Amino acid sequence: MPSAVWLRSREALIKRIGKNNYASWIEPLVMRGLLDGVATFVVPTSFFGDWVKRNFGDQILALLQAEGLSVARLDFVLGQDASADVAAPARAPRVAAKRDLRAESPLPGATLDARFTFDSFVVGKPNELAHAAARRVAEGGPVSFNPLFLYGGVGLGKTHLMHAIAHELQARQPELRVLYLSAEQFMYRFVQALREKQIMDFKSIFRSVDVLMVDDVQFIAGKDSTQEEFFHTFNALVDQNKQIIISADRAPGEIKDLEDRIKSRMQCGLVVDLHPTDYELRLGILQTKADYYAAQYKGLVINPGVLEFLAHRITSNVRVLEGALTRLFAFASLVGREINLELVQDCLSDILRASDRKLTIEEIQRKVAEHYNIRLSDMIGPKRLRAIARPRQVAMYLAKQLTPRSLPEIGRRFGGRDHTTIMHGVRKIEDLMSTDSQLSDDLLRLRRALQG
Ligand code: ADP
Ligand code: MG
């Protein structure tokens, strides 16, 4: 009987998602049945179902599978109040849909990843400032900078640091109401509240927290009413001297379509960036993770030089680095081999290929300028002389061919030229290539020089 399995096993979720989340989102779920690999749950509102699916779907699925049910997908259907006592008369769905958000979900944030703690965060030059700021906020003393704004490229540890702050605050002051969610979830909740006419509840939930953390705030850029609401929430909390922590993939001033008043609000606090990792940091992270894995996969040996090789070759982001190590250990334990450079080549060839050094437009411009013996500044400057315009077009052509940049992006790097100018340059070279053997020879050499 699947639903009995569900009732028996769902408690396992408490540990992972916390009591609050469990009481708000899991307890009310009623499993209706299992058919053709689809487990169906009854939920009181579609929002409820969407929320559970997005935030806990994977964990529920894994749990049911671990219990031996052959289930591949979860389905949520609207029905009578899912949490109603069996003995109680069935209530109509419409009544169930008008639930009080405050009562049902005291602080419905996203779940925190238990692994993202300060202990597991490796500190190096590129992230030491961000780490120090996060530590300070996590001490939970008087609010010294508001907001703390963390920014940096993908996979550099923004989310990890935010979760670490939340864990730490919660451990030091369990009564503190800490709400962590992504900007996308903020918008989702806001739109839902509008639709269900519960905007007052929405406002009061967000204004009653002690610490608000919004991840990937660049997401709300250009979403006008969400920005507006975010701005008011933000101000209300700052006025109450409540700590706000924000992350984004770039600096506040550089987020396109973000309202100016929000940008300037963001800049009022402390803005710190996570720099791209350097070799030492990558090696440090790898060593930490390797120690962890070595303890898990007993008997697996990792040869000297392997971690150094990975730290040297995989420079894109920490997530890729971690993925590589995970795969390496899993593979080695499967085939019973030691982890050496040969195994690395065998099982990570795709990752290594993908992280081959990326060419930049600037490098292309420099090489082409060198080749034709013109000044680099003339590449982006306005001169129309053939002796300069032609090499410039060659550089445009190569930029289009050898980088993933769009025509407008290339235009910007050629002194703010229009994308039609770039297109014209690219076509010109394509036309000439077949008849002008000197040109095609130049292109061949340049390509070789650039691609190594
Ligand atoms: P972001 O939010 O900046 O895109 P994440 O915080 O999700 O990046 O980090 C991606 C992965 O890399 C996570 O698994 C995280 O634990 C790990 N990671 C990033 N930086 C570090 C670090 N300094 N030490 C340990 N793990 C890190
Ligand atoms: Mg993130």
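Readers should treat all values here as calculations from the given coordinates under stated rules, not as data from a laboratory. From a predicted model like this one, the values you see are computed outputs, not experimental measurements. Reconstructed Cβ throughout: ideal geometry from the backbone, glycine too, with neighbour counts over all protein chains shown.
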Considering only Cα-Cα distances, which of the following residue pairs are longer than 24 Å: LYS53/LYS256; LYS197/LYS263; LYS19/LYS298; LYS256/LYS428; LYS358/LYS400?
LYS53/LYS256; LYS197/LYS263; LYS19/LYS298; LYS256/LYS428
Mean-position separation - Cα centroids, segment 122-146 and segment 268-282, in angstrom:
12 Å
Regarding segment 128-273, what whole-number volume in Å³ per residue does the convex hull of its Cα atoms give?
99 Å³
Net charge contributed by nearby residues that have their C-beta within less than 12 Å of SER377 (K/R +1, D/E -1)
+3
Expressed as a whole number of Å, what is the distance separating the alpha-carbon centroids of segment 371-417 and segment 191-211?
51 Å
Can you tell me the length gained on complete extension of the stretch ALA72 to ALA4, counting 0.36 nm per residue apart and subtracting the Cα distance?
22.7 nm
Quick note on GLU430, GLU168, ordering by fewest other C-beta atoms within 10 Å, gives GLU430, GLU168
Would you report the distance distribution of C-alpha pairs in the chain as whole percents per 10 angstrom bin, up to the bin with the largest distance?
4, 16, 20, 22, 20, 12, 5, 1, 0
Determine, from the Cβ-Cβ distance of GLU430 and SER316 and an R0 of 35 Å, the FRET efficiency 1/(1 + (r/R0)^6), rounded to the nearest 0.05.
0.65
Rank these for me by crowding, HIS419, HIS167, going from fewest to most other beta carbons within 10 Å.
HIS419, HIS167
7 Å from Cα along Cα→Cβ at both VAL191 and ARG261: what's the point-to-point distance in nm?
2.4 nm
For segment 279-356: rounded, prolate or oblate by the Cα gyration tensor [a/c cutoff 1.5]:
oblate
Length added when fully stretched, GLU308-ARG135, from 0.36 nm per residue minus Cα-Cα
59.4 nm
Restricting to DSSP H runs of at least four residues, report the calculated mean residue ellipticity at 222 nm for the chain, -39500 (n - 2.57) per run over all residues, nearest 500 deg cm²/dmol.
-16500 deg cm²/dmol
Cβ-based exposure ranking for LEU34, LEU258, in which fewest neighbours within 10 Å come first
LEU34, LEU258
Around VAL301, with a cut-off of 10 angstrom between Cβ atoms, what is the net charge of the other residues, counting Lys and Arg +1 and Asp and Glu -1?
0
So, with points 7 Å from each Cα along the Cβ direction, the ALA114-LYS15 label distance in nm works out to 0.6 nm
Measure nothing fancy, just the Cα-based angle from helix 419-433's long axis to the longest principal axis of the chain, in degrees from 0 to 90, nearest 10.
50 degrees
Projecting each Cα onto the charge dipole of the chain (Lys/Arg +1, Asp/Glu -1 at the beta carbon, about the Cα centre), which of LEU385, LEU310, VAL71 comes out farthest on the positive side?
LEU385
Using modelled amide H (1.01 Å from N, peptide plane; none on Pro or chain starts), what sits under 5 Å from the amide H of GLY79, excluding residues fewer than 5 places away?
VAL43
Go through segment 219-230 residue by residue and turn each phi into a ³J(HN,Hα) via Karplus (6.51, -1.76, 1.60, θ = phi - 60°); whole Hz please, and just put x for glycine and proline.
4, 8, 4, x, 9, 4, 6, 5, 4, 4, 5, 4
